[in-house]
Amino acid sequence: MKIKSLLLGSAAALVAVSGARAADAVIIPEPEMVEYVRVCDAAGTGYFYIPGTETCLKISGFVRYQMDFAGGDGYGDQDGWDKEYDVNLLFEAWNDTEYGPLYSQIRLEADGGVGEDARPLGDSFVNIDKAYFTLAGVTMGYKNSFWDYGFGGPADIWNNGGPMTGMVGYTANAGGFSISLALEDDGSADWTPAILGVVSGSIGDLALTLGAVYEDDGATGEVSDWGFKATAAYDMGAAAVGFGVQYSGETSGVNGSRYMTAYDWVLGADVSFDATEKLSLGLGAQYAINEGGATDDDWGIGAVASYDIVSGLNTELRLRWLEDTSTADAVDTSGWNARLRFTRSF
């Protein structure tokens, strides 16, 4: 009887203690769900999904510092050293739609320096260098011109590459070739756009590009003609050779237009060679012909050496000799110039 009473009393005590502890128990909340950044392989290397969306984003850019030196009496105030920096930040967005991928690009740039052609150090401002989107072959916005393909390598002096400009363009792909048509703002006072057509593609290791442009400045009558440009490049693995020709139907003034030069013809050739995995070399030349005789024929040669110091850090040395008699004041600006550039990209 005493043993039974003792057991019952112990059980009651345990229940009482357990109840007391239950009343004082600390409840630990469950951790909140965290959505980690997901890699977006569908868009390409470096893209990730913006949390909570199906849009993929990529952020890249570079920081650059360079020193230039121009020699020759014809360069006037530009003789001597120029030092410049350039900061570039690129945002790319991509998402799939029922009409195909929707891609957009925003590139911000700030630069400055010390010299004739550079803003003072610390006096730079952020510039929107590109802002455009593409969908189903259509390109709309502000970017480099469809005319922006050059020739002559490190001696690419008189090729008019076209401006950074507002545009509406369409590109179709067929049989390894792309065909592009575009209306671009040519900067004329009447806002009449330049009309461009560019065909590019490859046959084996041979890459070809052919373009034609027509622009009409009805407000001033200074530019109203057409031009064409053709390039060819043959890839031999570690080495490549390229050739190019540009014709300007209108050689208005000394500087020409955004798409046409002050010369009737510009011819160019270049060769590049990957000496090692880190070192690449290039050599190029251009010859400019003026059939009208307003200026003399001019020429230029250039050489470049590019070396990857480490992954993401490159240094480049470029040398040029320029024989140029086409300046507005008829001063011969012939001479040589050098550029040493360091670029950290990410």
Query raised in the report: Label points 7 Å out from Cα along the Cβ direction at LEU135 and THR192: separation in nm?
Result: 3.2 nm
Report task. Collect residues whose amide H, placed 1.01 Å from N in the peptide plane, falls under 5 Å from the amide H of GLY61; neighbours closer than 5 in sequence don't count. Result -> LEU90, PHE346
Requested in this report: Could you run the Karplus curve 6.51 cos²θ - 1.76 cosθ + 1.60 with θ = phi - 60° over region 153-163 and give me ³J(HN,Hα) per residue in whole Hz, x for Gly and Pro?
Outcome: x, x, 9, 6, 10, 9, 6, 7, x, x, x
Report task. Report the Stokes-Einstein translational diffusion coefficient (µm² s⁻¹, integer) for region 148-244, Rh taken as the Kirkwood radius over Cα pairs, at 25 °C with viscosity 0.890 mPa s. Result -> 164 µm²/s
Report summary line: Amide H contacts under 5 Å for GLY112, restricted to residues at least 5 apart in sequence or on another chain and with H modeled in the peptide plane, are TYR85
Query - Under Karplus coefficients 6.51, -1.76 and 1.60, residue-wise ³J(HN,Hα) of region 127-141 in Hz, glycine/proline x - result: 10, 7, 7, 9, 7, 7, 9, 9, 7, 6, x, 8, 10, 9, x
Query - Paramagnetic reach from ASN173 (point 7 Å along Cα→Cβ, amide N under 19 Å) across region 184-202 - result: 198-202
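So what's the net charge close to ASP235: Lys and Arg +1, Asp and Glu -1, counting the other residues with Cβ under 14 Å from its Cβ? Don't jump to the answer; show the numbers that get you there.
Details: positive: none; negative: ASP205, ASP270, ASP274.
Result for the neighbourhood of ASP235: -3.
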Report summary line: The ³J(HN,Hα) series, computed from each phi in region 275-288 with the Karplus coefficients 6.51, -1.76 and 1.60 at θ = phi - 60°, rounded to the nearest Hz and given as x for glycine or proline, is 5, 9, 5, 9, 10, 10, 10, x, 9, x, 8, 9, 10, 10
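Quick note: the coordinates plus some simple rules give every number you see, no bench work behind them. Predicted, not measured: the structure shown is a model, and the values here were computed from it. Quick reminder, even Gly has a Cβ in these numbers, built from the backbone with ideal geometry, and neighbours come from all protein chains shown.
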